[in-house]
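The values are calculated or read from the model by the stated rules, or taken from the named source; none is laboratory data. Quick caveat: nothing in here was measured; it's all calculated off a predicted structure. A quick note on method: Cβ atoms are made from the backbone with ideal geometry, for glycine too, and the neighbour counts reach across all protein chains shown. Keep in mind that these areas ignore ligands, DNA and RNA; they rest on the heavy atoms of the full protein, side chains included. Shrake-Rupley method; radii C 1.70, N 1.55, O 1.52, S 1.80 Å.
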Amino acid sequence: MKVGYACQNRLLSANTNNTFRLTSYSESKVKSTIEKNFKELFEILEYNIQNKILFFRIGSSFIPFASHPICKFDWKKHFADDFAKAGKIIKKNKIRVSMHPGQFVVLNSKRKEVIDSSIRELEYHAKLLDLMNLDDSAKIQIHVGFPQGDKEKAKTDFLKNFEKLSDSVKKRLVIENDEHYFGIDDCLDISKKLKIPIVFDTFHYSILNNGKSLADIFDSISKTWRQKDGLPMLDYSSQDPQGRLGKHCPEIDVNDFLDTISNLSGKEFDLMLEIKNKEKSAIKVLELI
């Protein structure tokens, strides 16, 4: 099992999500921000390797406004050597990488402009991973979207718009159960039709579920992952005791974590921690397991 965290390392004050406001856009600002993201990515990778943290989620803003029509800068060519360097480090050290576009990526939107922008954003994510020459286990995870009054139609619209994606995106795309609208059963319906894997979010499942045990659900989820996809990806967090329902905890809840993991004894997966203190919780989890 590889354990990881998302986007930034708080100890190093390093972030792969550095960006700026659209109103401040300029080619020089894009270039300097990407340089900063690469510099801090390399720092994070070095730290993670030293601490045996072998799963990392790269920030979606790594290339600011890459999918926006305003961006004419050829970042792919300009930073080709940096992408190749990052890919070599990741592959040499057998690090697993993923990305998670924001909530504005909605493939089942009723608005054409949202669908178009979502497709552009997914294509950018796939291109970034392709430039690092990473295999199909480097995934792009998204939520199904919003039901908008008709969940079955929303699922059908997702299927329809999935077909508009390039093969590069299709081979990397995975869907995640959410805590509001599309639970495990909905994701399984979509996965069966599209043959794409499902990321199992245990925290979301604790809020929206069908009453089945974690072990039974994981068995269903794991069958959606083929050998080329790598091990199933599992997202873990727990409820912030001081926050609204669904708010992620600021640090690892050891008792909740051990209870969750004990229900998955003997299962194989890679674990992404969606916990606010990032690398600190990752190190704690590695100690616990």
* Structure fact -> Of the conditions (1) surrounded by fewer than 21 Cβ atoms within 10 Å (Cβ to Cβ); (2) more than 21 Å from His180 (Cα to Cα); (3) touching a residue at least 24 places away in the same chain (Cβ under 8 Å), the single one that Leu245 does not satisfy is (2)
* Looking at segment 189-235, which of its residues are open to solvent by less than 60 Å² (accessible area, probe 1.4 Å) and at positive phi? -> Gly230
* Structure fact -> Asp136 vs (1) touching a Gly at 6+ places or on another chain (Cβ under 8 Å); (2) open to solvent by less than 10 Å² (accessible area, probe 1.4 Å): all pass except (2)
* Structure fact -> Quick count over segment 63-120, residues being over 24 Å from Lys36 (Cα atoms), of a type in the set (A, V, I, L, M, F, W, C), part of a helix (DSSP H, G or I) and in contact (Cβ under 8 Å) with a residue 24 or more places away in the chain, is 2
* Asked: Would you pick out the residues in segment 85-106 that are open to solvent by 40 Å² or more (accessible area, probe 1.4 Å), closer than 16 Å to Glu43 by Cα and of a type outside the set (D, E, K, R)?
  -> Ile89, Asn93
* Checking Asp253 against (1) crowded, with 17+ Cβ neighbours inside 10 Å; (2) more than 30 Å from Glu163 (Cα to Cα); (3) touching a Phe, Trp or Tyr at 6+ places or on another chain (Cβ under 9 Å), which single condition isn't satisfied? -> (3)
* To do: Specify the residue that is least open to solvent (accessible area, probe 1.4 Å); the eligible residues are those in segment 256-271 that are acidic (Asp, Glu) and touching a residue at least 40 places away in the same chain (Cβ under 8 Å).
  => Asp270
* Structure fact -> Being under 20 Å from Lys139 (Cα atoms), in contact with an Asp or Glu (Cβ under 9 Å, 6 or more places away or on another chain) and assigned to a helix (DSSP H, G or I) narrows Asn37, Asn48 down to just Asn48
